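Colleague: Sharing a structure below in structure tokens format, with a few things to ask.
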Amino acid sequence: MSVRVIPCLLLRNGGLVKSVGFKDHRYIGDPINAVRIFNDKEVDELVFLDIAARPTGLGPNFDLLADIASEAFMPFAYGGGIRDFADVRRLYSLGVEKVILNTIAHEDPDLVARSAELAGSSGVVVSMDVKRSRFGRYNVVTRCGTRELAEDPVAYSARMEARGAGEIILNSINQDGTMEGYDLELVRRVSEAVTVPVVALGGAGSVQHLNEAVRAGASAVAAGSMFVFHGRHRAILITYPDREQLNGVGQ
Amino acid sequence: MSENILDIPTPPPIAVIDYGHGNLGSILNMLKKIGSPAKLISDPKELSDTRKMILPGVGAFDSGMAALEDRGFATAIRERIRLGADLLGICLGMQMLGESSEEGSRSGLGLVQGRCRRFPAFGDKRLKIPHMGWTSVEVNPGSPLFENMHAPPRFYFVHSYYMECDRPNNVAAKASYGLPYAAAVQADNIYGVQFHPEKSHQFGMTLLRNFSGLNR
């Protein structure tokens, strides 16, 4: 079996954007167009996170997600602004395979369990944004990187697994958009603490980085910048490593 | 004009069985993409003219079987198959074709001789359960579901249980995850795939085209 290599795309007001350190969002393009390109490249899986769905109070953009789902012929996960069980149900019925719960998983952990009951654990992903302090201490952060909790990511992820999360997306805020590599220490700690797959996110810039995360214990690797930027000047270009390179990841 | 002026016979819609246990949106999306008419069926009476059925499924074996039986689908599906309709079970839908599962205590549909077992805890910690991801399959020659595939096919799997067939010739394709198992089964007009063709790019599209008869 090959390691899943997952483009993680950020939605904001119907468009695709990419951040650095959860800030400085740059417009990348149209999401449907991106899905079509990723279809042609036969990506393993796609993750969409809507970073405006919660702050604007609008919730998931169901019309856009229906359009994305009708074009996404690979497993497709969505997170952002999910408010309640009704939202979760609606996402599954559109053809979203996995719902991603982040802030809501912290504020209403029962929703993790109820969603897992509905779709099975493999359809429920808890995404965890983590900040590393100058002293090397890790904290879980919710609300798009704005609310720092007094929560250690290791204990937090184990608790979410116990609630029914079938997978953990582990996103390093410090590494986001840097393309300098994952926070391997963080990947190692969380991967050791849970038995469900951990998806490393934040910092990948090369296939070498993907390999490092797998060696640190990640079951799958996700990236944003690496798949939407090209070259030193970060020209916008949707790319994905070829199958031969991918087959080597984690081997 | 609604008449079919080119006189191309439109295939009758594939019945996608809606018993409350499947990710139906993805299947309908892909059938639409490949140009195959499809119809969601939530009342077994509506199966009466059906030539082709898809039985999707996510979740637990017992709750899936309970839903099929309580809604009258178990009987209706068997009856359609007896009359020659084709059935494709996907994921849990394939597992329910068998006789039983270690996941539950209910009987399966009993359309394929075999039972589902849970993957054991593997020594290799990278082999997590469920098996989730892309895996190549080894196709048994002459299997109609896998015709017209021009590269070694790979598919997206998510499962903790696998089917063990009594008859080796019911195994249409094999995969391996810690141990070899049936990735696809076939017994005459009854087909099952453990993976998700609706989420498996070109290989999934080809497989669903084969099932829907569009490639013939």
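The values are calculated or read from the model by the stated rules, or taken from the named source; none is laboratory data. The structure displayed is predicted, hence computed values, not measured ones. Every residue, glycine as well, gets a Cβ built from its backbone with ideal geometry; the counts of neighbours run over all protein chains shown. To get the accessible areas, we keep the full protein, side chains included, count just its heavy atoms, and leave off ligands, DNA and RNA. Shrake-Rupley method; radii C 1.70, N 1.55, O 1.52, S 1.80 Å.
Colleague: Give all pairs with beta carbons closer than 7 Å in which a residue from the stretch B:50-70 that is more than 28 Å from B:ASN210 (Cα to Cα) meets a residue that is of a type in the set (Lys, Arg); count only pairs at least 6 apart in sequence or on separate chains.
Modeller: Qualifying pairs under 7 Å: B:ASP62/B:ARG106; B:ALA66/B:ARG106.
Colleague: Would you be able to tell me the number of residues in the stretch A:86-103 that are more than 17 Å from the chain's Cα centre (by Cα) and either under 23 Å from B:TYR161 (Cβ atoms) or facing chain B (nearest Cβ under 9 Å) (or both)?
Modeller: Total satisfying the criteria: 4.
Colleague: Residues to consider are A:GLY164, A:GLY123; find the one that is closer than 30 Å to B:GLY59 by Cα and touching a Lys or Arg at 6+ places or on another chain (Cβ under 8 Å).
Modeller: A:GLY123
Colleague: Of the residues B:ASN170, B:ASN189, B:ASN148, B:ASN210, only one is more than 14 Å from chain A (Cβ to nearest Cβ) and either open to solvent by less than 10 Å² (accessible area, probe 1.4 Å) or among the small types (Gly, Ala, Ser) (or both); which?
Modeller: Result: B:ASN210 is the single residue among B:ASN170, B:ASN189, B:ASN148, B:ASN210 that is more than 14 Å from chain A (Cβ to nearest Cβ) and either open to solvent by less than 10 Å² (accessible area, probe 1.4 Å) or among the small types (Gly, Ala, Ser) (or both).
Colleague: Pairs only if they're at least six apart or on different chains, beta carbon under 7 angstrom, first in the stretch A:187-201 and touching a residue at least 40 places away in the same chain (Cβ under 8 Å) and open to solvent by less than 10 Å² (accessible area, probe 1.4 Å), second part of a strand (DSSP E or B) and of a type outside the set (A, V, I, L, M, F, W, C); list them, first residue then second.
Modeller: From the stretch A:187-201, the pairs are A:VAL199/A:GLU167.
Colleague: Among all residue pairs at least 6 apart or on different chains, which show Cβ distances below 6 Å where the first residue, located in the stretch B:126-142, is more than 8 Å from every other protein chain (Cβ to nearest Cβ) and the second is at pLDDT 90 or above and assigned to a strand (DSSP E or B)?
Modeller: If the second residue must be at pLDDT 90 or above and assigned to a strand (DSSP E or B), the pairs left are B:SER136/B:ARG154; B:VAL137/B:ALA173; B:VAL137/B:ALA175; B:VAL137/B:ALA183; B:GLU138/B:LYS174; B:VAL139/B:ALA173; B:ASN140/B:ALA172.
Colleague: If you go through the stretch A:54-65 one residue at a time, do you hit one that is of a type in the set (S, T, N, Q), on the phi < 0 side of the Ramachandran plot and within 14 Å of chain B (Cβ to nearest Cβ)?
Modeller: No, because not a single residue in the stretch A:54-65 is of a type in the set (S, T, N, Q), on the phi < 0 side of the Ramachandran plot and within 14 Å of chain B (Cβ to nearest Cβ).
Colleague: May I pose another question? Which numbered condition in (1) aromatic (Phe, Trp, Tyr); (2) away from chain B (no Cβ under 14 Å); (3) touching a residue at least 60 places away in the same chain (Cβ under 8 Å) is the only one that A:PHE38 fails?
Modeller: All conditions pass for A:PHE38, except number (2).
Colleague: Name every residue in the stretch B:61-95 that is open to solvent by 40 Å² or more (accessible area, probe 1.4 Å) and either over 19 Å from B:PRO13 (Cα atoms) or in a helix (DSSP H, G or I) (or both), in order of residue number.
Modeller: Once the filter is applied, which keeps residues that are open to solvent by 40 Å² or more (accessible area, probe 1.4 Å) and either over 19 Å from B:PRO13 (Cα atoms) or in a helix (DSSP H, G or I) (or both), the stretch B:61-95 yields B:ASP62, B:SER63, B:GLU69, B:ASP70, B:ARG71, B:THR75, B:ARG78, B:GLU79, B:ARG82.
Colleague: Let me ask something else about it. Would you point out the residue of the stretch A:104-151, among those that are more than 14 Å from chain B (Cβ to nearest Cβ), β-branched (Val, Ile, Thr) and not in a helix (DSSP H, G or I), that is surrounded by the fewest Cβ atoms within 10 Å (Cβ to Cβ)?
Modeller: Selected residue: A:THR146.
Colleague: Considering only residues that are assigned to a strand (DSSP E or B) and open to solvent by less than 10 Å² (accessible area, probe 1.4 Å), look in the stretch B:109-131 and name the one that is nearest to A:ALA222 (Cα to Cα).
Modeller: It comes out as B:HIS131.
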